[in-house]
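Written below as structure tokens is the structure these notes are about.
The values are calculated or read from the model by the stated rules, or taken from the named source; none is laboratory data. No experiment lies behind these values; they were computed from the predicted model shown. Don't worry about glycine lacking a Cβ; one is built from the backbone with ideal geometry, like all the others, and counts go over all protein chains shown. For accessibility, only protein heavy atoms count, side chains too; no ligands or nucleic acids. Shrake-Rupley method; radii C 1.70, N 1.55, O 1.52, S 1.80 Å.
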Amino acid sequence: MSEPLIRAHHLVKKFGDFTAVDGIDVEVQPGEAFGFLGPNGAGKSSTMRMISCVSKPTDGTLRIFGLDPVTDGPKIRARIGVVPQLDTLDTELSVQENLWIYGRFFDLSRAECRRRTTELLDFAQLTERAESVVDDLSGGMKRRLSIARSLINEPSLLLLDEPTTGLDPQARHVLWDRLYRLKQQGVTLVLTTHYMDEAEQLCDRLVVMDQGRIVAEGSPRSLIEQYATREVLELRFAAGTNDQFADQLHGLGSRQEALPDRVLVYADDGEAALQEVHQRGMRPESALVRRASLEDVFLLLTGRTLAD
Amino acid sequence: MSAGVLRIFPPEMVVRRPHRMIERHIAVYRRQWLIVVSGFFEPLFYLLSMRAGLGSLVGAVSVGGKQVPYDAFVAPALMAASAMNGAIFDSTGNVLHRLKYARIYDAALATPMGPADVAMGEIGWALIRGQIYAIGFLVVMAALGLTNSWWCLMALPICALIGLCFASIGFAGTTFMRGWSDMDIVNTLMMPLFLFSATFFPIAAYGSWAWVVQISPLYHGVALVRAANEGVWSAGLLGHTLFLVVLSVAALVLAARRVDTLLRK
């Protein structure tokens, strides 16, 4: 196996008494799409900031391209692209100026900045908005401009912190399509998300983080197989009665989970479990059998939904 | 590298490309050059009012043993103040905006740029702005016949030093601001600084309060510009220069460190 692009060993980040990242081990291979999954406050962004060499690890070792961020920060940053959680676009510059001024931060020549700007505007479907003011762009366009800007140095590693949070479904799909193209071009993608569908769409491999630790690791499919059942039965009872029905569901499937708004029954055969529910005389207001998802894996591992 | 070496020479604190920050500002201000020019007028209006009104009432003032008319006494001080204004305008309000709200520095720090590049670039830009005002002011002084000899050109590098000093202090101070309301502190400090730095009357007039005036960086700048304009040089001017240089360096180092602590947590 080739030298990993990112190698973190017992990586720790503390802010005063608070431990944001609590000793994680991660390796990302070249060309991989790797995800950090977890609820808000799980330590994803802190990890990303350490990898992007703007935050010093408190403890442990971190190597990116085999280099140490503490001594070779500028050299590493020259080869990575960063899409931060909140856009840091320059609102005093036009769309195209945002790209070429950023290119200058990487010491690219003016001619090179202009050449790449033309290409990237096309890639981000923003050519017609080249002269626009950033504030006039929609949320999805801003996000695409952020991604275009992060590519100005032709990075071999792209870090995306919650790339589609706050976007409408259509804008998300456009963005996923662009990220997928980058992946096909061989760019290594590392992203954080709390969207399960995003992780399933984009990631070859991911880790689930909770309270600064990694609680599971694998491909989306393997995580589901390992931690969840094949199917999930979702039952909704009259408001406020979920708890009392949870007792009656005992022994059904391999596990039950009472959420505030519904009860989940993990079973390899969801339909059979539903029949059993009816046989036991329960009449849920609605019932749904679906395939298990990463969301279920997360719930099983942490006892919480990602919305928490 | 050992931990000790890293602490003394942190690799991120090396200044490599501060001019990239300035390039960004040039791109922005190409469209907003009027805003840049406007800051030059305040000291100019002061000069014109002093010349027309006060000058005729006050009479001559002594500079390094030389008697000079009041407007020629005040003009170099206003030139120093214009360099200060230019530097402070840019290194406080604009820096606060870029630091806290526009997050321009966050974006820059994701590139090979380091905190020292950001701080030096911003201070350099503020210095340039101060220098533009100083040059404009010197041209007006020459046109009004207030310059005394070719020595007056020495006032420009002196104003660059004044600009550097105030830009560094302004930037370092701004990193401690919590929000826009703290900008009032800047305005509150600038007014007495402008009025009481031996700008409008000689330091002798302050009597036993002269030591307070000597704390003001502008006072040292004014003394230097005045000497340059009259071409009267003395060893005492080295002290003024040293004061400004030491203060500039200290504020610069503080500024870069603050960017590091604030944005590279």
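Which residue out of A:A42, A:A20 is touching a residue at least 12 places away in the same chain (Cβ under 8 Å), in the same structural domain as A:D107 (by TED's automatic domain parsing), in a loop (DSSP other than H, G, I, E, B) and closer than 21 Å to A:V207 by Cα? Full working, then the answer.
On the way: A:A20 fails: in a loop (DSSP other than H, G, I, E, B).
Selected residue: A:A42, the only one of A:A42, A:A20 that is touching a residue at least 12 places away in the same chain (Cβ under 8 Å), in the same structural domain as A:D107 (by TED's automatic domain parsing), in a loop (DSSP other than H, G, I, E, B) and closer than 21 Å to A:V207 by Cα.
Keeping to the range A:172-207, report how many residues are more than 12 Å from A:E32 (Cβ to Cβ) and either open to solvent by 40 Å² or more (accessible area, probe 1.4 Å) or modelled with pLDDT under 85 (or both).
Number of matching residues: 13.
Can you pull out every residue in the range A:235-256 that is assigned to a strand (DSSP E or B) and surrounded by fewer than 18 Cβ atoms within 10 Å (Cβ to Cβ)? Even if it seems obvious, please write down each step before you answer.
Going through the range A:235-256, the residues assigned to a strand (DSSP E or B) turn out to be A:235-236, A:255-256.
Within the range A:235-256, A:R236, A:R255 qualify.
What number goes with the only condition from (1) of a type outside the set (V, I, T); (2) at pLDDT below 95; (3) in the same structural domain as A:D204 (by TED's automatic domain parsing) that A:M1 does not pass?
If we test A:M1 against (1) of a type outside the set (V, I, T); (2) at pLDDT below 95; (3) in the same structural domain as A:D204 (by TED's automatic domain parsing), just (3) comes out false.
Taking the range B:201-218 as the search range and keeping residues that are open to solvent by 30 Å² or more (accessible area, probe 1.4 Å) and among the β-branched types (V, I, T), which one is modelled with the highest pLDDT?
In this case the residue turns out to be B:I215.
Could you look through the range B:97-126, keep only residues that are within 10 Å of chain A (Cβ to nearest Cβ) and without any contact (Cβ under 8 Å) to a residue 60 or more places away in the chain, and pick out the one that is surrounded by the fewest Cβ atoms within 10 Å (Cβ to Cβ)?
Here the residue is B:Y101.
Name the residues in the range B:148-198 that are among the hydroxyl-bearing types (S, T, Y) and open to solvent by 10 Å² or more (accessible area, probe 1.4 Å), would you?
Pass one, the range B:148-198, residues among the hydroxyl-bearing types (S, T, Y): B:149, B:168, B:174-175, B:181, B:188, B:197.
Correct list: B:S149, B:S181, B:T188.
Would it be correct to say that B:V36 is within 14 Å of chain A (Cβ to nearest Cβ), under 21 Å from B:L138 (Cβ atoms), of a type outside the set (K, R) and part of a helix (DSSP H, G or I)? Talk me through it step by step, then tell me what you get.
Numbers: within 14 Å of chain A (Cβ to nearest Cβ): yes; under 21 Å from B:L138 (Cβ atoms): yes; of a type outside the set (K, R): yes; part of a helix (DSSP H, G or I): yes.
Yes: the conditions hold for B:V36.
Go over the candidates A:G73, A:G31 one by one and state the one that is more than 10 Å from chain B (Cβ to nearest Cβ), more than 17 Å from A:V12 (Cβ to Cβ) and modelled with pLDDT under 95. Explain how you work it out, then say what you get.
Details: A:G73 fails: more than 10 Å from chain B (Cβ to nearest Cβ).
Selected residue: A:G31, the only one of A:G73, A:G31 that is more than 10 Å from chain B (Cβ to nearest Cβ), more than 17 Å from A:V12 (Cβ to Cβ) and modelled with pLDDT under 95.
Please go through the range B:10-40 and give me each residue that is open to solvent by 80 Å² or more (accessible area, probe 1.4 Å), at pLDDT 80 or above and of a type outside the set (K, R), ordered by number. Walk me through it before giving the result.
First pass over the range B:10-40, keeping only residues open to solvent by 80 Å² or more (accessible area, probe 1.4 Å): B:16, B:19, B:26, B:30-31, B:33-35.
Now drop any that are not at pLDDT 80 or above, which leaves B:16, B:19, B:26, B:30-31.
The answer is B:H19, B:I26.
If we scan the range A:117-133, do we find a residue that is open to solvent by less than 30 Å² (accessible area, probe 1.4 Å), within 14 Å of chain B (Cβ to nearest Cβ) and within 24 Å of the chain's Cα centre (by Cα)?
no
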